[in-house]
Amino acid sequence: MPSVTSTTDVVIRTRGLSKDYHRVRAVDGLDLTVQRGAIYALVGRCGSGKTTVARMLLGLILPTVGEAYVLGRPVRRTEVEIRERVGYLPDKSAFYSGLTARETLEVQRRLFGIRARRRIDEVLDVMGMLDCGDRKVRHLSEDERQRLGIARALLHEPELLVLDEPAQRLDAVSVRNLRELLEHLVFERQVTVFLCDQDIGFAEQVATRIGVLHNGRLAQDMDSSEVGEHRRDYLEVTVSDSRRAAWLIEELLDLDDYAVLRDGVLRIYESLDRSAEINRCLQENGIDVSRLTTERATLEEYFVDVTGADEEGEQ
Amino acid sequence: MAAVFSAELMKLRRSWMPAATVLTAIAGPVFAALAVWAVLTLEQSNVPVPQIDVTWSSFLVEGGSFTILLVFFAVMLACAYVFGREYQEGTLEILAAAPLRSSDIVFGKLAALLAWTAAVSAISFAASIVAGYAVGMGPLAAGDLWSAFGIHVQRTLVCFSGLPLVGWIAMRGRGLLLPATFGVTTVFAAVWLRSLPPARYIPYLMPAAGTPESGVAFPAASWILVVLTMVAGMAVSLWEMTTQDAV
């Protein structure tokens, strides 16, 4: 039987992975490939199916249809070896509230059969938590709890990290530290990172590949080098009468790739070198132009385009 | 399984469970001792009271049937906590992501509960003896001690046999409420129905019903039902952990 995971460089591969919850399809036919050493960010809106995908990769929930292979092995509840090599940060990181941070990691150390107790202090140190190791988890701040969750995922030095909303609840300094840590793990230790995030900003900063999940389907799957292509440059024009300005640029300047964002603001996506001509045309026809700048769309705006299109259409 | 066992004991030790279970286990002997003390005091005061034969045997065995019910309730609560909190607090997702088989998780938890049940039961028995001495029951003969201890062990085993099913109820109910309700209901049912013959064949009622007549607390058929209940509880718990989503 030909193995779909015969290539050792492929760490995650899914084929037609689907999950239904009470007749609602949360994930629909997901075909995904993540290479070793990549930071793959699966982004999407709330309820798009990201967490379901992460859970299916660990065998925590069983797919309705399709299959997933992680680290060369089919994901099943009985497949213990995969979980030995995967670190997991759940969306809502839960802790045994009576334990301290150090005891939380001690429980994890026992569950993973890690002999070296010093590993606990090492990960606490990596996450900047040595000073709060003896504090009860319920007394930790949101940021500290999230860092403890990440420490727990790192404890057994996994080959693959599955992180669900890792930057959520972290403060700005911790987000920066996390970014540096992930880059260190990937480039120095060849760890592969699969992260799910609705924060496109964080994903954009760290990911080497980004997938956009929308309504359970993979709407986009692009390399970080392709990300730039989706950040279109445009002219943003602030005018006194946007409806008339739109008519003018369409009829007199023959431009049709534009959008009226809100009252008084237009975005023109073509002929950016004709900004002076556009400005002159509008002013000669009685439109006051208070601002005209060249901008670059963020990935977030592209993300909203991809994932928000259906909802806007429905309205 | 050993990993889950040690992790579970650590989690239990750091929870409110030790205080709750030990207090419940001691409460039985304390109340029994207070009742004996009241009877003895009234008798000395020449106040007419019902004739109660207060011996070590009756104190440890008859009184022990109520004491063990409190132990049973305490360990059912601990069982509900051990299985149910994973769902209620969302920690099962972490546990299930560890390199453990479903059987490791279920049997590791049950092993921890067996140790817990043994410890609580031992505390309860020791507390009964201390309470008996405290109310001036006189010297305890070795024969009485061993006889009562044997019956206490039998009752403790019956208590443990009911736990796997309670664990499954906690898993099905995704929390503590359902198994705790089950625990309270069975304890009240055991008190209410203890004198009826069927109580000797229903594992959840047996601890209160098992009064020894000839050194054997329960008939053989009772023990078969005890084992069947335990095996059935383990089987459904294992099925639940293996086939159902862990979140």
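The values are calculated or read from the model by the stated rules, or taken from the named source; none is laboratory data. Since this is a predicted model, take the numbers as computed values, not measurements. Glycine also receives a Cβ, built like all others from the backbone with ideal geometry; neighbour counts cover every protein chain displayed. All accessible areas refer to the heavy atoms of the entire protein, side chains included, with ligands and DNA or RNA removed. Shrake-Rupley method; radii C 1.70, N 1.55, O 1.52, S 1.80 Å.
Sorted from largest to smallest, which semi-axis lengths in Å does the alpha carbon gyration tensor of the range A:10-228 give for its equivalent ellipsoid, taking the root of 5 times each eigenvalue? Please report the intermediate quantities before stating the final value.
Working: eigenvalues 153, 73, 56 Å².
Semi-axis lengths for the range A:10-228 are 28, 19, 17 Å.
Determine the total buried accessible area between chain A and chain B, counting protein heavy atoms only with a 1.4 Å probe; round to the nearest 100 Å².
2600
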Fill in the blank from the handout: Computed from the beta carbon distance with a Förster radius of 41 Å, FRET efficiency for B:PHE149 and B:GLN44 to the nearest 0.05 stands at 0.85
Problem - Listed residues B:ALA221, B:ALA148, B:ALA20, most fluctuating in chain B (Gaussian network, C-alpha, under 10 Å) - result: B:ALA221
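Pulled fully out, how much extra length does the chain show between B:THR55 and B:ALA35, if you take 0.36 nm times their separation in residues and subtract their Cα-Cα distance? Walk me through the numbers before you get to the answer.
Values: separation 20, 0.36 × 20 = 7.20 nm, distance 1.30 nm.
Length gained, B:THR55 through B:ALA35: 5.9 nm.
State the percentage of accessible surface on the protein assembly as shown attributable to carbon and sulfur atoms; use a 1.4 Å probe and exclude ligands, DNA and RNA.
Within the protein assembly as shown, the accessible surface is 55 percent carbon and sulfur.
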Practice task
At 0.36 nm per residue, minus the direct Cα-Cα distance, what do B:ARG13 and B:VAL227 gain on full extension? Give it in nm, one decimal, please.
Solution key: 74.2 nm
Completion exercise
Hydrophobic long helices for chain B, i.e. whole DSSP H runs reaching 18 angstrom or more by Cα along the axis with Kyte-Doolittle mean at least -1.0, come out as B:17-44, B:63-88, B:102-134, B:142-161, B:177-193, B:220-243
Exercise for the section: Hey, can you grab everything whose amide H is under 5 Å from the amide H of A:LEU30? Only 5+ residues off in sequence or another chain; H modelled, so Pro and N-termini drop out. Expected result: A:GLY16, A:LEU17, A:SER18
Practice task
Please build a GNM for chain B, connecting alpha carbons under 10 Å apart, and tell me which residue among B:VAL75, B:VAL166, B:VAL130 fluctuates the most.
Solution key: B:VAL130
Practice task
Sticking with the crude label model, points 7 Å out along Cα→Cβ, report the distance from A:GLU250 to A:ASP233 in nm, one decimal please.
Solution key: 2.6
Completion exercise
Heavy-atom accessible area with a 1.4 angstrom probe orders A:HIS156, A:HIS22, most exposed first, as A:HIS22, A:HIS156
Problem - Stokes-Einstein diffusion coefficient of chain B, Kirkwood radius over Cα pairs, 20 °C, 1.002 mPa s, in µm²/s - result: 114
Exercise for the section: Mind giving me the nanometre distance, one decimal, between the label points for A:GLU142 and A:LEU130, set 7 Å out from Cα along Cα→Cβ? Expected result: 2.9
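List every DSSP H helix in chain A whose Cα atoms extend 27 Å or more along the helix's own long axis and whose mean Kyte-Doolittle hydropathy is at least 1.0. If you can, show how the numbers build up before the last one.
Details: long enough: none.
Taking the DSSP H segments of chain A (at least 27 Å long, mean hydropathy at least 1.0), we get none.
Calculate the FRET efficiency for A:ALA297 and B:MET1 from the Cβ-Cβ distance with a Förster distance of 60 Å, rounded to the nearest 0.05. The partial results should precede the final answer.
Details: r = 55 Å, r/R0 = 0.92.
The pair A:ALA297/B:MET1 has a calculated efficiency of 0.65.
Order A:LEU154, B:LEU228, A:LEU292 by their accessible area, 1.4 angstrom probe, all chains in place, largest first. Walk me through the numbers before you get to the answer.
Details: A:LEU154 15, B:LEU228 105, A:LEU292 55 Å².
Correct descending sequence by accessible area is B:LEU228, A:LEU292, A:LEU154.
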Practice task
Could you let me know the centre-to-centre spacing of the range B:223-247 and the range B:107-177, using Cα atoms, in angstrom?
Solution key: 21
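What length, rounded to one decimal in nm, is gained on full extension from A:ASP288 through to A:ASP263, with 0.36 nm per residue of separation minus their alpha-carbon distance? Don't skip to the end; give the middle numbers.
Details: separation 25, 0.36 × 25 = 9.00 nm, distance 1.35 nm.
The A:ASP288-A:ASP263 span can extend by a further 7.6 nm.
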Practice task
Note down the accessible area of B:LEU157, probe 1.4 Å, to the nearest 10 Å².
Solution key: 90
